[in-house]
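Remarks on the structure that follows.
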Amino acid sequence: MEEIKAAKQRLKFYRDQLELDYQLEIRALEEAESRVLKRIESFDAKKKETADANGRSDATKDELLEINAGGNIIFARRSVLTQIEGSRLGAIFSGRWDNRLQRDNKGRIFLDVNATCFQAIVDYLNDRNISPPDHPPDPPSVDVENEEILARLLEIFGIHDIIMESQSKVTIDRNDWMVIRNWLKQEKSNGIMKLVYSSTLNGCSLATFQEKCRSIGPNIIIAKDAEGNIFGGYTSCSWWQTHADKAFLFALRGNYVVSPLKFDLKAGRQSHINTSSGPSFGSTGQYVNTDLRFNLNNSTFLFCIGANYEV
């Protein structure tokens, strides 16, 4: 009986100890929550203070803005222009900086930008605002002479990578796009991209690939296999040409890929560009000397680094 009594006392002690630990943990969590809430309140107060000093704290998302874009008057709702969170465009029209924005002689927000390109961006955002997430609208587009200006404007407003992320059917995030763009800039490219061909949207067809990619100039291919590996390659020439002086391959995600990997073309090599069955990166047209080859006729690929690209 004494042993049973002692066992009960031990159980009660451990139970009381657990209850005490639980209460202490709850108290610690409540104190941590209180500190976080105070920080949020402080942040919101500073945010309002900034808005009051530089903009309007009473700005509403439904407000219709009248914008003078390079001399053309464009109307857009604040909610449309601010829908891409974290972008410079969203910050400009958030209302927090309204008092700091340049105005024309009629009090309208003035942007010294190409009106055609800005209208294309607003049209895209209007479509995006009403489109389901799994069916995003086509990216903004303009005539050929304004394409470079539009691309620069998308970059300035901080929405280029976000648009690419929504267009791509390969699941890569904004950070991956930044990595790719930095790689492109290392190759003296401006790092600005637009979607030209997608096997998901256009079908896995060699004829379609050749039609859309024949004369596009420098380009990058991104692919994802059935196991979730994401990889691809860049070439400085169109796919209808024979050799590229600048090229690299890469792996973003996959087995043993801890961080994005870039494989540069070996010194003195030219990358042979082959399209007999799909895009191919290698020193010759022979299969054995190809580092990366896609076969769009049967939806297969070969990725074997080392022949022409540094490992």
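The values are calculated or read from the model by the stated rules, or taken from the named source; none is laboratory data. What you see is a predicted model; the values in this text were computed from it and never measured. Counting neighbours? That spans all protein chains shown, and the Cβs are built from the backbone with ideal geometry, glycine included. Accessible surface is based on the protein model in full, side chains and every heavy atom, while ligands, DNA and RNA are left aside. Shrake-Rupley method; radii C 1.70, N 1.55, O 1.52, S 1.80 Å.
Applying the selection to region 128-150, what residues are surrounded by 15 or more Cβ atoms within 10 Å (Cβ to Cβ) and closer than 16 Å to PHE75 by Cβ?
none
In the list LEU64, LEU11, LEU81, LEU89, which residue meets the criterion of being in contact (Cβ under 8 Å) with a residue 60 or more places away in the chain and of a type outside the set (Ser, Thr, Tyr)?
Every option except LEU89 fails the conditions.
Search region 37-72 for residues being touching a helix residue (DSSP H, G or I) at 6+ places or on another chain (Cβ under 8 Å) and assigned to a helix (DSSP H, G or I), and hand back the single one that is surrounded by the most Cβ atoms within 10 Å (Cβ to Cβ).
In this case the residue turns out to be ASN54.
Yes/no per residue for (1) within 21 Å of the chain's Cα centre (by Cα); (2) surrounded by fewer than 18 Cβ atoms within 10 Å (Cβ to Cβ); (3) on the phi < 0 side of the Ramachandran plot; (4) touching a residue at least 40 places away in the same chain (Cβ under 8 Å):
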residue: LYS185; (1), (2), (3), (4): yes, yes, yes, no
residue: GLY191; (1), (2), (3), (4): yes, no, no, no
residue: VAL196; (1), (2), (3), (4): yes, yes, yes, no
residue: ALA207; (1), (2), (3), (4): no, yes, yes, no
residue: LYS212; (1), (2), (3), (4): no, yes, yes, no
residue: LYS224; (1), (2), (3), (4): yes, no, yes, yes
residue: TYR234; (1), (2), (3), (4): yes, no, yes, yes
residue: SER238; (1), (2), (3), (4): no, yes, yes, no
residue: HIS243; (1), (2), (3), (4): no, yes, yes, no
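Among the residues in region 176-183, are any β-branched (Val, Ile, Thr), surrounded by fewer than 18 Cβ atoms within 10 Å (Cβ to Cβ) and at pLDDT below 80? Outline the logic, then answer.
In the first step, residues of region 176-183 are kept if they are β-branched (Val, Ile, Thr); the result is 179-180.
Within this subset, residues satisfying the condition of being surrounded by fewer than 18 Cβ atoms within 10 Å (Cβ to Cβ) are 179.
Then drop every residue that is not at pLDDT below 80, which leaves none.
Looking for residues that are β-branched (Val, Ile, Thr), surrounded by fewer than 18 Cβ atoms within 10 Å (Cβ to Cβ) and at pLDDT below 80, one finds none in region 176-183, hence no.
Only one residue in PHE93, PHE75 is open to solvent by less than 100 Å² (accessible area, probe 1.4 Å) and at pLDDT 90 or above. Which one? Lay out the reasoning, then the answer.
Numbers: PHE75 fails: open to solvent by less than 100 Å² (accessible area, probe 1.4 Å).
Selected residue: PHE93, the only one of PHE93, PHE75 that is open to solvent by less than 100 Å² (accessible area, probe 1.4 Å) and at pLDDT 90 or above.
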